[in-house]
Amino acid sequence: MEKPLLQCVDVSVGFERPVLEHVNFEIGHGEIVALLGGSGCGKTTLLRTLGGLVPPISGDVFLFGESIYELSSEQRDQMRKRLGIAFQQDALFSSMTIEENVALPLIELTQLPPDLVREMVRMRLTLVGIEGLARRQPANVSGGQRKRAALARASILDPEIIFCDEPTAGLDPVVAAEIDATLVRFRNVLGSTIIVVSHELESIRATADRAIMLAHGRVAATGTIDELMRSHDRTVYEFFHARTG
Amino acid sequence: MSAVATAIERHGKTAIVRVRGDVVIPTSRALHSTLKGLQKRRDVKNVILDFTDAGRLDSAGIAVVEIARRSLQRSGKQLELDKLDERHRAAFELAPAATAERLPPEEGPSWLESIGGHLLAIRMTMHELVGLITESARQTIAVAAGRRKLPAGSVANHVLLMGANAVFIVGLLCFLIGMTMAFQGVVQLERFGAGVFVADMIGWSMVREFAPLITAIILTGRTGAAIAAELGTMRVNLEIDALTAMGINPVRFLVVPRLTALTFALPALTLMGMFIGIVAGNLVTSLMIDMSPITFWAHVKERVTLGDFAYGLGKSFVFAAIIGFSGSHLGMRADGDASSVGRATTKTVVVSVFFIIVVDAIFATVSSITGAH
C-alpha cells in the first residue's frame, strides 16, 4: 500500500493555552483536502504546523515519510522546496514587483538561467490570470490579484504539497471560482497535493475531495463533502446547514 | 528523478533531439543549452523533440520548450514535438500562453509624463502639508478654547516618551560637545594668551547654536522617526481611516498631542543641554588652565544675555514644529504597505535634518544682518 504523503500523528499545539489537541489524520498523493471549522478552531495554526512553521508541543508531523520537526535546519530547508504555502494575508514583498515576488524562489533556490526563470514566471502568471500585472507592486493591485500572485509564488517550484490559507476569502464569486479552478488545475497538471483552509462552502464543494473538520481544537469529522453534509453530528450539521436551517 | 540526457540525430536540415530522463527544475539546463545551440546553427531548419524516452516534465521543462519554440520561430525555423504521452500533454497545460492571447505588458510613463507626475506629486505634497498645518492650528485653537479636548493623558504620555526618556542621551551628547569645544578652544586661544575667553566661546555657542541644533537632531532620529513609524503603521492598518469613519478628527486625536508634547519637550531638553554643555566646558577649563568656576561663570554671565537664550529657545520651537510636522505629514501619507512605513521614517529624518539646518542658517544670517547678536 502506498504510504501517505502527510501524516499528522497525535499533534497538540499550544501557546498560552492549547489550540489543537491530539489531532490525527493522513493525506495521500494528489488529494485536495479542505480543513474546515468555525473561526478560532485552529485551522490556520494546524496548516502552519503541517507546513513546518509552528512546532507541536506533542505529537509529530510526517511529510514524505519523514518527521519535519526532527530534521536538521538544512534538511528542513530542502524539504520546504517540495512545499508551497500561500498565506491568508498573501505575504507578498511590498518592495518587489509581482514578477519579482514570483521569481524569488527560483532565483534563490535553483540554478536556472534568467531567461528560463522569466519564462516560468510568465507562464505561471498567465496560468493564474495576472500576466498583465507582472510589473506592478503588490500595493497597486486588488486583493484578488494579490491572492493569485501569492498562489503563483507558492506553486512556482511545482511543489508536491501546496498549503493555501483561505485562498478565496473576501473575493467575489467570479474570482473565487477562478482561484478554485486554478487549484484543481495544479492538482491535475502538477500532481500536487493541496491542503486548503476555507470557510467558503461553495469553494470547498468545487475543489475538495475530502474535508477534515475541526472543532474546539480537535478533529470533529472527516470524510467527503457529501458525507459531512449528511452527518448528524451536531457541530458538523450546524456548520453545513447554518444558513439553510 | 533521472538526469536529462539528449542525443541529436541529423537528417539533412532536420535535427532530431531525443530527450531521455526527467526535464524538471534541477535538470532542465541541459536541454535548454542543447536547444539554444541548435537555434544558432544555420544548417538546421527544423528541430524535432522526441519524447519517447522522456520522463517527467515540470514547469521548467515546459518553459524550456516554450522558449525554444519562440526563438526558433524568430529565426525562421520550426520546432515539432513528437511522441508525447498523456503525462507530457497534461504538463503542457502549464503553458496556456501557447493558445491564449498574450497580454501586452503595461507601458511606463514617458519622460514628459514623469516630469509632470513629479510636479503634480510635489504640488499635492505641499497642499497636504499646508492642510495639515492649518488643521493642526484650527484643532489646537479649538482645544485651547475648550471647544474640543485631547485624548486623556496623551500629551503627558508623549512628553514622557519624547522628553524624559531622551534626557540621558541629550545630556550626554551636550556634555561631550561642551567638553570637545573646551579642549579645542583652550588649545587655540592659549596660543594668543586668550585662554580665559574660552568661557565666552562655550557659553555663547552652546546657548545660541550647539544645544538647539544637537538636541533637534537627536530628537529627529528618536522622536520624528517614531512619529512617522507610528502614524504610518496606523495608516497601513486602516486605524486612521477608522478614526475618520467614526467622526473623530485624526489630526486632533493623533497629531496635536504629539506636536504639543514636542513643543514642550524640545525647548526643555535644549535648555538642559545648554547648561550641561557649559558645565562640561567649566570642568575642562578648570583642569586644563586652572580657571576657577567663579571666573568661568562670570565670563559666561557677561557674554551670554537673556536675548541669547531667547534666540536659542526660539529656534528650538521652530525645530520642534519641523520635526513634528515632518513626522506627522509623512507618516500619515504612508500608502498602504509595510515598506511605505520604512520610507516615511527615513524621509522624516532626512527632511527634518535638512530643514533644521536650513532654518538654522536663516536664523544665523538674519541675526547677523540685523545685528541681533
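In the full protein context, segment A:86-158 carries 38 Å² of accessible surface per residue, based on a 1.4 Å probe and ignoring ligands, DNA and RNA. The residues of chain B have, on average, 52 Å² of accessible surface per residue, using a 1.4 Å probe with all protein chains present. Residue ranking by accessible heavy-atom surface, 1.4 Å probe, largest first, among B:Phe175, B:Phe92, B:Phe354, A:Phe240 comes out as B:Phe354, B:Phe175, B:Phe92, A:Phe240. Relative to the Cα centre, the charge distribution of segment A:86-158, modelled as +1 at Lys and Arg Cβ and -1 at Asp and Glu Cβ, gives a dipole magnitude of about 280 debye. Here the protein assembly as shown is described by how far its Cα atoms reach on the three principal axes: 101, 73, 48 Å, from widest to narrowest. Partner shielding of A:157-168 amounts to 1, given as the average count of beta-carbon atoms from other chains within 10 Å of each residue beta-carbon.
Here's the picture: a label point sits 7 Å out from the Cα of B:Ala90 along the beta-carbon direction, and within segment B:43-70 the residues with their amide nitrogen under 19 Å of it are B:51-63. Protein heavy-atom surface of segment B:215-299, 1.4 angstrom probe: 71% of the accessible area is carbon and sulfur, with nucleic acids and ligands not counted.
Could you pull out which residues in segment B:186-212 have an amide N less than 15 Å from a spot 7 Å beyond the Cα of B:Asp290, following the Cα-Cβ vector? Residues passing the 15 Å test: B:195-196.
Rg and Dmax over the alpha-carbon atoms of chain B stand at 35.2, 107 Å.
Pairing chains B and A buries close to 2400 square angstrom of accessible surface in total, based on protein heavy atoms and a 1.4 angstrom probe. Per residue of peptide B:52-58, the mean number of Cβ atoms on other chains within 10 Å of the residue Cβ is 1. Taking 0.36 nm per residue of separation and subtracting the current Cα-Cα distance, fully stretching the chain between B:Glu135 and B:Ser110 would add 5.4 nm. Measuring with a 1.4 angstrom probe and ignoring ligands and nucleic acids, B:Ile276 comes out at about 50 Å² accessible. Averaged over the residues of peptide B:59-68, the number of Cβ atoms from other protein chains lying within 10 Å of each residue's Cβ is 6.
At q = 0.13 Å⁻¹, what is the log10 ratio I(q)/I(0) for segment A:86-158, with the Debye formula run over Cα points and no solvent? Taking Cα atoms of segment A:86-158 as identical point scatterers yields -0.30.
Take the Kirkwood radius over Cα pairs of segment B:1-89, plug it into Stokes-Einstein at 20 °C and 1.002 mPa s, and you get 168 µm²/s for translational diffusion. Could you calculate the FRET efficiency of B:Ala245 with B:Leu176 from 1/(1 + (r/R0)^6), where r is the beta carbon distance between them and R0 is 45 Å, rounded to 0.05? Between B:Ala245 and B:Leu176 the formula returns 0.40.
Nearest 0.05, what FRET efficiency do B:Ser33 and A:His199 give at R0 = 56 Å with Cβ-Cβ as r? That gives a FRET efficiency of 0.70. Computed from label points 7 Å out along Cα-Cβ, the spacing between A:Asn188 and A:Met96 is 3.0 nm. A simple count of charges around B:Thr125, restricted to other residues whose Cβ falls under 11 Å of its Cβ and scoring Lys, Arg +1 and Asp, Glu -1, yields +2.
Straight-line cross-link reach from A:Lys147 at under 20 Å between alpha-carbon atoms covers these lysines, not counting any fewer than eight positions away in the same chain: A:Lys43. Structure remark: mean-square fluctuation, Gaussian network model of chain B, C-alpha springs under 10 Å; the largest value among B:Asn249, B:Asn46, B:Asn237 belongs to B:Asn46.
With the convex hull drawn around the C-alpha atoms of chain A, the volume per residue stands at 138 Å³. Element breakdown for segment B:1-61 at a 1.4 angstrom probe: carbon and sulfur atoms account for 49% of the accessible area.
Of the solvent-accessible surface of segment A:86-158, computed with a 1.4 Å probe and all protein chains present, 50% belongs to carbon and sulfur.
Remark: accessible surface ordering of B:Lys347, A:Lys147 (largest first) is B:Lys347, A:Lys147, probe radius 1.4 Å. Shown for segment A:113-127: residues covered by the partner protein chains by 10 Å² or more of accessible area relative to the chain by itself (probe radius 1.4 Å), namely A:Pro113, A:Asp115, A:Leu116, A:Glu119, A:Met120, A:Arg122, A:Met123, A:Arg124, A:Thr126, A:Leu127.
Shown in residue order for segment B:341-347 are the 3J(HN,Hα) couplings computed by the Karplus curve 6.51 cos²θ - 1.76 cosθ + 1.60 at θ = phi - 60°: 5, x, 5, 4, 5, 4, 4 Hz (x for Gly and Pro). Stokes-Einstein diffusion of segment B:159-209 at 20 °C, 1.002 mPa s viscosity, Kirkwood radius from Cα pairs, rounded to a whole number: 176 µm²/s. Less than 15 Å Cβ to Cβ from B:Ala7, Lys/Arg counted +1 and Asp/Glu -1: what total charge do the surrounding residues give? Net charge around B:Ala7: 0. Ligands, DNA and RNA aside, A:Glu99 has an accessible area near 60 Å² when probed at 1.4 Å. Heavy-atom accessible surface of A:Phe62, to the nearest 10 Å², is about 60 Å², with a 1.4 Å probe and all protein chains retained.
Non-local lysine pairs in chain B, meaning eight or more places apart or on different chains, with alpha-carbon distances under 28 Å, amount to 14. Among A:His232, A:His22, B:His158, B:His88, the sequence by solvent-accessible area, most first, with a 1.4 Å probe is A:His232, A:His22, B:His158, B:His88.
The amide H of B:Glu80, built 1.01 Å from its N in the peptide plane, has B:Val47, B:Ile48, B:Leu49 as neighbours under 5 Å, considering only residues 5 or more places off or on other chains. With r as the distance between the Cβ atoms of A:His29 and B:Ile8 and R0 = 56 Å, compute the FRET efficiency 1/(1 + (r/R0)^6) and round to 0.05. According to the calculation, E is roughly 0.95.
With N counted as the residues of segment B:11-157, its alpha-carbon radius of gyration over 2.2 N^0.38 Å works out to 2.12. Across segment B:236-245, computed HN-Hα scalar couplings (Karplus, 6.51 cos²θ - 1.76 cosθ + 1.60, θ = phi - 60°) run 4, 7, 6, 5, 5, 5, 5, 4, 4, 5 Hz from first to last residue, x flagging Gly and Pro. When only Cα pairs below 8 angstrom with a gap of at least 6 residues are kept, chain A shows a relative contact order of 26 percent.
The values are calculated or read from the model by the stated rules, or taken from the named source; none is laboratory data. What you see is a predicted model, and the numbers here were worked out from it, not measured in a lab. Neighbour counts run over all protein chains shown; Cβ positions are idealised from the backbone, glycine included. Side chains included, ligands, DNA and RNA excluded: accessible areas come from the protein's heavy atoms. Shrake-Rupley method; radii C 1.70, N 1.55, O 1.52, S 1.80 Å.
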